[in-house]
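Trainee: After the structure tokens below, expect a handful of questions from me.
Each reported figure results from applying straightforward, stated rules to the coordinates on display, with no laboratory input. A quick note: this is a predicted structure, and the numbers were derived from the prediction, not measured. Please note: Cβ atoms are built from the backbone with ideal geometry, for glycine as well, and neighbour counts cover all protein chains shown.
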Amino acid sequence: MSYIMDLRKIVGHRPLLQVGASVIIEDDAGRILLQKRRDCLQWGYHGGSVELDESCEDAARRELLEETGLLAGKMKLLGVYSGKGMHHVYPNGDEVSNVDVVYVCRDWQGVPCASDEVEELRFFTGDALPVDLFAPNVLAIQDWKRMKE
């Protein structure tokens with residue numbers, strides 16, 4: 001069981017401050033790997049909640065492996081995202097104010113394989129991203145695009 005799930009048993013759907021760690025995977029052609037999430041059918045990068053006593057970098061690596069089957073090598077910090085743009089209500093009613101530590105990784109191994117949380121995995125160029133992006137991921141994806149310019 002995860003820390004957040006344990007808290008949800010106590011607080012229900014009430015807003016929680018949640019620390020997340022995420023990875024933007026980039027291939028040799030400069031494309032971004034996005035996942036179509038099963039919970040909302042929107043596209044986003046790979047990540048999730050940091051567990052108690054887990055480093056953000058370890059959490060990002062763990063989430064990437066769980067969601068895509070990929071192993072991250074060297075990662076570079078893109079940024080830390082917080083504030084009103086990171087507030088989200090999930091389809092099940094759980095409400096969070098996210099603080100997301102986002103890394104970019106070009107050094108990865110494996111073949112992308114969708115987990116049970118993921119409907120589909122696909123690479124996109126920065127100028128042909130899907131319109132239905134997961135709202136809490138938009139700021140970091142915009143920064144990733146600016147970084148490439």
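Trainee: Quick check: the angle from helix 56-68's long axis to the longest principal axis of the chain, C-alpha only, nearest 10 degrees?
Mentor: The angle comes out at about 70 degrees.
Trainee: Something else about it: Let me have the relative contact order for the chain, percent, based on Cα pairs under 8 Å that are six or more residues apart.
Mentor: The normalised contact order for the chain reaches 31 percent.
Trainee: Express the relative contact order of segment 84-149 as a whole percentage, based on alpha carbon pairs under 8 Å and six or more residues apart in sequence.
Mentor: Relative contact order comes out at 30 percent.
Trainee: What are the ³J(HN,Hα) couplings of segment 22-31, residue after residue, when phi is run through the Karplus curve with 6.51, -1.76, 1.60 and θ = phi - 60°? Round to Hz, x for glycine and proline.
Mentor: Rounded to whole hertz, the list is 9, 10, 9, 8, 10, 8, 5, 8, x, 8.
Trainee: Could I ask something else about it? Tell me which residues come under 5 Å, amide H to amide H, from G20 once H is placed; ignore anything under 5 positions away on its chain.
Mentor: Amide H to amide H, under 5 Å and 5 or more residues apart or across chains, G20 pairs with V50, V99, D100, V101.
Trainee: For L17 and L41, FRET efficiency with R0 = 25 Å and r from the beta-carbon atoms, rounded to 0.05?
Mentor: Working: r = 26 Å, r/R0 = 1.04.
Result of the calculation: an efficiency of 0.45.
Trainee: Kindly provide the helix-only [θ] at 222 nm of the chain, computed as the sum of -39,500 (n - 2.57) over DSSP H runs of four or more divided by all residues, to the nearest 500 deg cm²/dmol?
Mentor: So the helix-based figure for the chain works out to -6500 deg cm²/dmol.
Trainee: Considering lysine pairs in the chain that are 8 or more places apart or on different chains, how many have Cα atoms under 26 Å apart?
Mentor: Within the chain, the lysine pair count is 13.
Trainee: Which whole-Hz ³J(HN,Hα) couplings does segment 3-11 yield from phi under the Karplus relation 6.51 cos²θ - 1.76 cosθ + 1.60, θ = phi - 60°, glycine and proline marked x?
Mentor: Once rounded to whole Hz, the list reads 4, 5, 5, 4, 5, 4, 4, 8, 9.
Trainee: Considering the values [x] 26, 19, 15; [y] 27, 16, 15; [z] 24, 16, 15, which represents semi-axes √(5λ) of the Cα gyration tensor in Å as calculated for the structure under consideration?
Mentor: Matching entry in [x] 26, 19, 15; [y] 27, 16, 15; [z] 24, 16, 15: [z].
Trainee: Still on this structure, please answer the following. Residue-wise, which Karplus ³J(HN,Hα) couplings in Hz belong to segment 79-95, taking 6.51 cos²θ - 1.76 cosθ + 1.60, θ = phi - 60°, and x for glycine or proline?
Mentor: For segment 79-95, the Karplus curve yields x, 10, 10, 7, x, 4, x, 9, 6, 8, 10, 6, x, 7, x, 5, 10 Hz.
Trainee: Here's a follow-up. Give a quick list of trypsin sites (Lys or Arg not before Pro) in segment 62-133 that DSSP marks as loop, anything other than H, G, I, E or B, with at most 13 other Cβ atoms within 10 Å.
Mentor: Listed in order of number, the matching sites are K74.
Trainee: Report the Cα centroid-to-centroid distance between segment 2-64 and segment 74-112 in angstrom, as an integer.
Mentor: With segment 2-64 and segment 74-112 each reduced to a Cα centre, they are spaced 6 Å.
Trainee: Relative to the longest principal Cα axis of the chain, at what angle does helix 138-148 sit, 0 to 90 degrees, rounded to 10?
Mentor: Roughly 20 degrees, rounded to the nearest 10.
Trainee: Using R₀ = 25 Å, calculate the FRET efficiency as 1/(1 + (r/R₀)^6) where r is the Cβ-Cβ separation of E54 and L7; round to 0.05. Please list the in-between numbers first.
Mentor: On the way: r = 15 Å, r/R0 = 0.61.
Once the sixth-power term is evaluated, E becomes 0.95.
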